[in-house]
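Asker: Structure incoming, see below.
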Amino acid sequence: MASKFQSRLVGTIVLVAIGVIFLPDFFDGKKQHFQEQFASIPLQPQTGDEENFTVIPEPVAAEAELPPMPVTEQIAGSDVHSTVAEPVKVKPQPVGEPQAGLKDSGWVIQLGVFRNFDNAHQLVEKLRSKGYQAHVWPKDLKPGDLARVVVGPEIDKNALSGKVDELRKLTGLNGQLLRFNPLNP
């Protein structure tokens, strides 16, 4: 006869084998196989009501000639002759030179230069809520760029210089009056 220990060992091995073989199937439940459902796209669209389409007639060629002389018009009894004038020749400005009038185009107040873009945008929103025309330059910021907060531009330098004290009281920043260059803000 086998000893009690051997009987228990064989019984334990049989129970573990049954558990390893049959229990996963029992706990998994019903097996479901998923398959994607798709509809095929037809190669040619189906046409149904062809009677609803209207046929556009071919254009009719009309024979027309231009008059040999310039056209004259009569407006309220006076003679007005309409003729084609010589085209005006425009002298292009050289690329490197600024156009006339851009030197004195306007002024801005620079309130500060910020490394943190969120702080610059919060200051601009605060200024805009108080009615100031505030901007962050440059518009397209890249990592490593500095954001400049400016108020303006304004053509009248005296009107803008009067706002420097108001902005100092509102933001606590000493603004600097600078010339505005529209080509390179």
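The values are calculated or read from the model by the stated rules, or taken from the named source; none is laboratory data. Since the structure is predicted, the reported quantities are computational estimates derived from the model, not experimental observations. Note: ideal-geometry Cβ built from the backbone for every residue, glycine included; neighbour counts use all protein chains shown. In case anyone asks, the SASA skips ligands and DNA or RNA and just uses the protein heavy atoms, side chains included. Shrake-Rupley method; radii C 1.70, N 1.55, O 1.52, S 1.80 Å.
Asker: Taking the stated definitions as given, is SER78 of a type in the set (Ser, Thr, Tyr), modelled with pLDDT under 85 and touching a strand residue (DSSP E or B) at 6+ places or on another chain (Cβ under 8 Å)?
Answerer: On the way: of a type in the set (Ser, Thr, Tyr): yes; modelled with pLDDT under 85: yes; touching a strand residue (DSSP E or B) at 6+ places or on another chain (Cβ under 8 Å): no.
Considered against the rule, which asks whether it is of a type in the set (Ser, Thr, Tyr), modelled with pLDDT under 85 and touching a strand residue (DSSP E or B) at 6+ places or on another chain (Cβ under 8 Å), SER78 comes out as no.
Asker: From GLY112, GLY162, grab the single residue that is exposed (fewer than 12 other Cβ atoms within 10 Å of the Cβ) and more than 19 Å from LEU183 (Cα to Cα).
Answerer: None of the others qualify; the one that does is GLY162.
Asker: Within segment 127-138, work out how many residues are loosely packed, with under 14 Cβ neighbours inside 10 Å and at pLDDT 85 or above.
Answerer: 5
Asker: Same structure, new question: For segment 139-159, which residues satisfy the criterion of being touching a residue at least 12 places away in the same chain (Cβ under 8 Å), open to solvent by less than 50 Å² (accessible area, probe 1.4 Å) and either of a type outside the set (A, V, I, L, M) or assigned to a helix (DSSP H, G or I) (or both)?
Answerer: Once the filter is applied, which keeps residues that are touching a residue at least 12 places away in the same chain (Cβ under 8 Å), open to solvent by less than 50 Å² (accessible area, probe 1.4 Å) and either of a type outside the set (A, V, I, L, M) or assigned to a helix (DSSP H, G or I) (or both), segment 139-159 yields GLY152, PRO153.
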